[in-house]
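The values are calculated or read from the model by the stated rules, or taken from the named source; none is laboratory data. Being a predicted model, the structure only gives us computed values, none of them experimental. We place every Cβ from the backbone using ideal geometry, glycine too, and count neighbours over all the protein chains shown. The area values use the complete protein model at the heavy-atom level, side chains included, leaving out ligands, DNA and RNA. Shrake-Rupley method; radii C 1.70, N 1.55, O 1.52, S 1.80 Å.
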Amino acid sequence: MKLSKNKKIKFATSGAKHGSILEYSPTPVPAKNLIPEWYKETKNIRSDSAENAIKKNVKDCMPFLDTLMSGYIWTLPSDLYIERFPGKDSEPKITMNPEVGFIDTRSPLQSGKMSIPDGCYDTHFVWKHPLHIKTPPGYSILVTHPLNRHDLPFVSLSGIVDSDKTTWRPGNYPFFIKKNFEGVIPKGTPVLQIIPIKRDNWVSEDDKSMLDSWSQDAYEVSSILRGWYKKAHWQRKSYN
């Protein structure tokens, strides 16, 4: 079987737009290189008793792992210090090296009636990112908060860019800071996850014939204690 040629996504950074030295900041890296420590430290539930034999957690869930390993991650280009002040409506103070200034604010009017993410300050911050991104014809990029990274002290918003039609250029990307955080967010912290997606035209259909195979599938799932999906259907993805 002849393998299809790998698609290529191109990255570059430039600080010229903001007059900064961000052009020297790292380009996005494969998400698989930044698996969070809490996931690595999570152990599979041991099958050391009849009670535990069928218990599973996130380490047994390949769809969950795929969210952590798909696409590419742009990371924080420098340390940040977040300082809280008394009063629930006080805006946090952000301290960083001014030469690598890459955070700003924008008017709340730009978000219309969109609600603020739960537990976050009302202030609309933006990452002044230095990224240029180009994808092959027919491919867009989903740019989003790193998937399942609820541990991060901020929430980046999501967008889809047709980065084959025009190169995605440096600009302002919105995010919110969580009220319960104070301290240093270190350089290298995941900020945005970038996943290439193929554009196709879709139509939806209500197809109950899929239910006909449910009993057989249910048997196959229940007849194997662990790893049925991984063994039978999961396909390894490649982002390098």
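Structural remarks
- For region 109-123, the criterion of a residue being under 16 Å from the mean Cα position of the chain (by Cα) and either surrounded by fewer than 13 Cβ atoms within 10 Å (Cβ to Cβ) or in a strand (DSSP E or B) (or both) is satisfied by no position.
- Considered as a group, the residues in region 156-196 that are in a loop (DSSP other than H, G, I, E, B) and among the basic types (Lys, Arg) include one that is least open to solvent (accessible area, probe 1.4 Å), and that residue is 179.
- Members of region 135-144 that are more than 25 Å from residue 24 (Cβ to Cβ) and either surrounded by 16 or more Cβ atoms within 10 Å (Cβ to Cβ) or touching a strand residue (DSSP E or B) at 6+ places or on another chain (Cβ under 7 Å) (or both): 138, 139, 140, 142, 144
- Which listed residue, of 70, 47, is hydroxyl-bearing (Ser, Thr, Tyr) and either under 21 Å from residue 175 (Cα atoms) or at pLDDT 85 or above (or both): 70
- Beta carbons closer than 9 Å, at least 6 apart along the sequence or on distinct chains, pair a first residue in region 215-234 that is among the basic types (Lys, Arg) with a second that is open to solvent by 70 Å² or more (accessible area, probe 1.4 Å) for 226/44; 226/47; 226/54; 226/56.
- The single residue among 77, 63 that is at pLDDT 90 or above and assigned to a loop (DSSP other than H, G, I, E, B) turns out to be 77.
- Filter pass, residue 132 being on the phi < 0 side of the Ramachandran plot, touching a strand residue (DSSP E or B) at 6+ places or on another chain (Cβ under 9 Å) and modelled with pLDDT of 90 or more: yes
- Condition check for residue 132: in contact (Cβ under 8 Å) with a residue 60 or more places away in the chain and either in contact with a Ser or Thr (Cβ under 7 Å, 6 or more places away or on another chain) or loosely packed, with under 13 Cβ neighbours inside 10 Å (or both): yes
- You will find that of 161, 221, the residue that is over 30 Å from residue 81 (Cβ atoms), of a type in the set (A, V, I, L, M, F, W, C) and touching a strand residue (DSSP E or B) at 6+ places or on another chain (Cβ under 9 Å) is 161 and no other.
- Members of region 1-13 that are at pLDDT 85 or above and either more than 14 Å from residue 135 (Cα to Cα) or over 26 Å from the mean Cα position of the chain (by Cα) (or both): 13
- Number of positions in region 94-105 that are modelled with pLDDT under 90 and open to solvent by 50 Å² or more (accessible area, probe 1.4 Å): 3
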